[in-house]
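First up is the structure itself, then whatever we jot down about it.
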Amino acid sequence: MGGTRVVDLSGIQVVDNHCHPLERFDAPLDRRRWHSLFTESDYEVRGEHVTRDMVYLRRLTRRLAGHLGCAADEEQLLTERAARGHAAMTSDLFADAGIGGLVVDLGFPDPSVGLPMETLVPDGRYCALLRLEPLFQRLVAEHAMLEELLAIVDAELADLRGAGFGGVKSVAGYRTGLEIRPWGREEVELSFAQARAEVARTGAVRLGHKPLLDTLLLRALAKASEQELPVQFHVGYGDRDVDLRLANPLHLRHVLEAPELAGAKIVLLHGCWPYWREGAFLASVYPNTYLDISFGIPFLGRAELAATTAGALAVAPFSKVMYSSDGARVPEIFWLSAHDGRELIGSALDAMVSSGELGLDEAEKVGYRVLAGNAAEVYGLKG
């Protein structure tokens, strides 16, 4: 077909299956703060070149400058951004990106700086997720007895929809790893004692205590399963402190196979990058497992995003793959991701049409499902 595009996904309003609130900025962003938004590195330690010399920021700078009608220069871009204002930039970029639905993890950024997101999409097209680890950390700090803690966790999660949540989210992959499993009572009690000792020393706890965290997670997942709610797991690429070896989705085997958790829809985030083959495999063999392809974070070049997208669609069922941005803090990540997502999913489907694997009508239906339909179904969004 001479390279001509045949699959047109430009008119699809995307449902962003995995994102975070925008941040309230009290002053225009300077170059230093701007760079810090596009890296998982410790910016203060590593220096500006970490972000400046990554192709993701170069791509964003060029495309955003084209949209705003200014030079592809960071200083001019930030000047133009400041002149327009954060609210106007958000409205403009969300409209241009065609974002029609949001599934938002409220656990990051801090609620004190986050902005409400439900007003950015039509009624019924917004879903809030409860991040589990901050809840667990608060409850561990508040309760000195293990049995009391377990009971209150069950009570807190008994009616998630009634509490305003359409699902839950775990970042255990960045804390103690994804090999979440049952532990013996003595191990859990020792782990709880260690967590409480941390509370006594510091006044709070960061749950790096694996037997305790696994135990609380399995109880939470059981509650989500009873309520037939989706559960998101951060997988692969993520926070600077992740041990990537422990964030491989293959470690989730117990969670995926436990009969008592079968009612939960398990969503593997970030395309599991760099474990996208493993993630696509799991989505292809476990009926309750879905694969999210994030086009914003990881901060990847187009070539790697294209390879991940094409590979995922070549292995996982089309009904199990969902678009996302993992956007947070600034609207530019949401905006660029929506455009990249349509283009790269369309390119992968073009290749399938050209090779005779799909008909054009089939490919366009697949594109809609991946960009919007699957997420709307999983999270119960209207429209």
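The values are calculated or read from the model by the stated rules, or taken from the named source; none is laboratory data. Computed from a predicted model, the values in this text were never measured in an experiment. Backbone-built Cβ (ideal geometry, glycine too); neighbour counts: all protein chains shown.
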Scanning region 147-173 residue by residue, those among the charged types (D, E, K, R) and out of contact with any strand residue (DSSP E or B) (no Cβ under 7 Å at 6 or more places or on another chain) turn out to be E147, E148, D154, E156, D159, R161
Inside region 142-155, the number of residues satisfying the requirement of being surrounded by 18 or more Cβ atoms within 10 Å (Cβ to Cβ) and under 26 Å from the mean Cα position of the chain (by Cα) is 1
Practice item. Determine if region 353-360 includes at least one residue that is in contact (Cβ under 8 Å) with a residue 40 or more places away in the chain and under 30 Å from A222 (Cα atoms). Key: no
Exactly one of A310, A314 is over 15 Å from the mean Cα position of the chain (by Cα), surrounded by fewer than 21 Cβ atoms within 10 Å (Cβ to Cβ), under 27 Å from L60 (Cα atoms) and assigned by TED's automatic domain parsing to the domain that holds L129, and that residue is A310
- request: Answer with yes or no whether L218 is surrounded by fewer than 23 Cβ atoms within 10 Å (Cβ to Cβ), under 21 Å from the mean Cα position of the chain (by Cα) and either assigned to a loop (DSSP other than H, G, I, E, B) or modelled with pLDDT of 95 or more (or both).
  value: yes
Filtering region 87-117 down to residues that are more than 22 Å from F295 (Cβ to Cβ) and not polar (S, T, N, Q) yields A87, A88, D110, P111, V113, P116
Exercise. Got at least one residue in region 119-131 being in a helix (DSSP H, G or I) and either surrounded by 16 or more Cβ atoms within 10 Å (Cβ to Cβ) or of a type outside the set (A, V, I, L, M, F, W, C) (or both)?
Worked result: yes
Note on region 66-78: residues surrounded by 13 or more Cβ atoms within 10 Å (Cβ to Cβ) and either small (G, A, S) or more than 13 Å from F25 (Cβ to Cβ) (or both) are H67, L68, C70, A72, E74, Q76, L77
Open item on the list: Please verify whether G236 is in contact with a Pro (Cβ under 7 Å, 6 or more places away or on another chain), closer than 21 Å to H20 by Cβ and assigned to a helix (DSSP H, G or I), treating the condition exactly as stated.
Closed with: no
task = Can you confirm whether region 174-197 contains a residue that is under 29 Å from A283 (Cα atoms), touching a strand residue (DSSP E or B) at 6+ places or on another chain (Cβ under 9 Å) and part of a helix (DSSP H, G or I)?
result = no
